[in-house]
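To start, the structure itself, in structure tokens.
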Amino acid sequence: MSMNAVVYKGPHEVAVEEVAEPEIRHPNDVLIDITTTCICGSDLHMYEGRTSAEPGIVFGHENMGIVEETGDAVSSLKVGDRVVAPFNVACGHCENCESGYTGFCTNVNPGFAGGAYGYVAMGPYKGGQAEKLRIPYADFNALKLPDGDAHEDAFSLLADIFPTGWHGTELANVEPGDSVAVYGAGPVGLMAAYSAKIKGAAEIYIVDRVPSRLELGEEYCDATPINFEEGDPVEQIKDLHGGGVDKGVDAVGYQAVDPEKEADSAYDPARENPAVVINNLIRTVRPTGELGIPGLYVPEDPGAPDDMAAQGRIGIDFGLLFEKGQALGTGQCNVKSYNRELRDLIIEGRADPSWVVSHRVGLDEAPEMYEAFDNREEGVTKVLLEP
Ligand SMILES: NC(=O)c1ccc[n+]([C@@H]2O[C@H](COP(=O)([O-])OP(=O)(O)OC[C@H]3O[C@@H](n4cnc5c(N)ncnc54)[C@H](O)[C@@H]3O)[C@@H](O)[C@H]2O)c1
Ligand SMILES: [Zn+2]
Ligand SMILES: [Zn+2]
């Protein structure tokens, strides 16, 4: 049996092709019929050829759908259940999983801590930008949702970006009354700013260069927009705030645009500087403040601007960080630590992150939408695919 899926063909190219349907391989697997699967900024690193991903990968780590088959040992799920899967694949019983660090499961991807669907180096798990998906360790990994189709957009964001934005604020220990600077107003940065608002931050600044993204931050997160193309964002924030802010979040990662560099287009690799956001955060945050870094950094970057960066080594101002006594936290989000509570905020109407969704289209439109999202076109913020 075959089905349609989004397949990586090589740099800047994906195609919708027929691939084999998944099958139950272990008694604790379930298969789901995908109802919504999202394109993520993390997919773009692979799409642009900036990872060691080989052509042939089926993309898609942000998946929700309806259970259509269960393995014999599955005890908490039945056919017809509506579920959303964390992008992490986790076993539930290794030391990291038991401690809540499901992004660093030591069982699902031997020799490595952490597994995910449809992602380079994250194990053999096929992506869900397809008609169907196999969820391993399903009792542990599938989060049940209310039946019906209410909140479909908001619930799909529980697979990654809402928990990941929340994770950014957890890593930075955002507390009520804090002043917070979020670098990046992509889906993750917007969700970090939204999380800061939910947690009761007193002041929120959000930095990017895409006006439509900054406007969303202003409208839905009560954040002050800072356009880094209009001047040093650190100085802009300090001028408005009157000194360093309490907490900072990096929702950009290693493919950060350096406003000081020139290139033919905004996201040309020649304009990148993988250290620029972390260094800006060290300057933006006050002494003894905290930095949360969910933005992605890689140990190998085939398209890096220089030899150091190609090995994942970047020039961080560690001396200044030491002098300021700042703390930092980073890494993959442990989605399962947050998704149940965030789901309940959505069900009870206390949070609704669906404003970040700009497009819901058929799977066949994936090639055009990858291109538009990759160019960070005005108005293209979060794209959901409906197989
Ligand atoms: N830790 C995790 O578990 C996790 C999960 C999901 C995504 N991520 C990572 O988070 C990052 C953001 O993801 P996204 O989906 O929002 O992607 P995205 O690429 O759409 O968003 C990044 C935004 O950063 C902006 N930007 C570029 N350079 C900047 C700079 N110097 N200062 C401020 N903003 C700058 C871009 O204009 C863009 O809007 C990516 O690196 C992604 O891989 C990590
Ligand atoms: Zn993602
Ligand atoms: Zn585990």
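None of the figures in this text is laboratory data; all of them are computed from the coordinates on show. Predicted, not measured: the structure shown is a model, and the values here were computed from it. Note that each Cβ is placed from the backbone with ideal geometry, even for glycine, and that neighbours are counted across all protein chains shown.
Among Gly331, Gln311, Ala20, whose Cα projects farthest towards the positive end of the dipole of the chain, with charges put on the beta-carbon of Lys, Arg (+1) and Asp, Glu (-1)? Most positive-ward Cα: Gly331. For the chain, the Cβ-based charge dipole about the Cα centre amounts to some 1040 debye (Lys, Arg positive; Asp, Glu negative; other atoms uncharged). Extending each Cα 7 Å along its Cβ direction at Glu230 and Glu68, get the distance between those two points in nm, one decimal. Label at Glu230, label at Glu68, 4.9 nm between them. When DSSP beta bridges are restricted to pairs lying wholly in the chain, around 60% turn out antiparallel. Other residues with beta-carbon under 12 Å from the beta-carbon of Arg209 carry, at +1 per Lys or Arg and -1 per Asp or Glu, a net charge of -2. Judged by the gyration tensor of its Cα atoms, with axes a ≥ b ≥ c, region 19-172 is rounded; a/c sits under the 1.5 cut. Spin-label model, His26 to Glu54: label points 7 Å out along the Cα-to-beta-carbon direction sit 2.3 nm apart.
Springs between Cα atoms under 10 Å define the GNM used for the chain, and in it the highest mean-square fluctuation of Pro136, Pro124, Pro299 occurs at Pro299. Among Gly295, Gly92, Ile39, pick out the residue whose Cα is farthest towards the positive end of the charge dipole of the chain, where Lys and Arg carry +1 and Asp and Glu carry -1 on C-beta, about the Cα centre. Farthest towards the positive pole: Gly92. In order along region 319-335, the phi-based Karplus estimate (6.51 cos²θ - 1.76 cosθ + 1.60, θ = phi - 60°) of 3J(HN,Hα) comes to x, 5, 4, 4, 4, 7, x, 7, 10, 9, x, 8, x, 4, 6, 8, 3 Hz; Gly and Pro are listed as x. Calculated mean residue ellipticity, 222 nm, the chain: -7000 deg cm²/dmol, from DSSP H runs (n ≥ 4) at -39500 (n - 2.57) each, averaged per residue and rounded to 500.
Highest GNM mean-square fluctuation, the chain, Cα pairs closer than 10 Å: which of Ala270, Ala138, Ala20? Largest GNM mean-square fluctuation: Ala20. At 20 °C and 1.002 mPa s, what whole-number value in µm²/s does Stokes-Einstein give for the translational diffusion of the chain, with Rh from the Kirkwood sum over Cα pairs? Diffusion coefficient, whole number: 103 µm²/s. Distance between the pseudo-spin-label points of Leu320 and Asp239 (7 Å out from Cα toward the beta carbon): 1.8 nm. Return the subset of Lys247/Lys382; Lys78/Lys132; Lys197/Lys382 for which the Cα-Cα distance in this structure is over 22 Å, preserving the input order. Check vs 22 Å cut-off fails for Lys247/Lys382.
Taking trypsin sites (Lys or Arg not before Pro) as exposed when DSSP calls them loop and at most 11 other C-beta atoms lie within 10 angstrom, the chain has its longest site-free stretch at 79-349.
Among Phe104, Phe318, Phe59, the residue with the largest mean-square fluctuation in a Gaussian network model of the chain, with springs joining Cα atoms closer than 10 Å, is Phe318. Restricting region 208-284 to GluC sites (Glu not before Pro) that sit in a DSSP loop and have at most 15 other Cβ atoms within 10 Å of their own Cβ leaves Glu260, Glu262.
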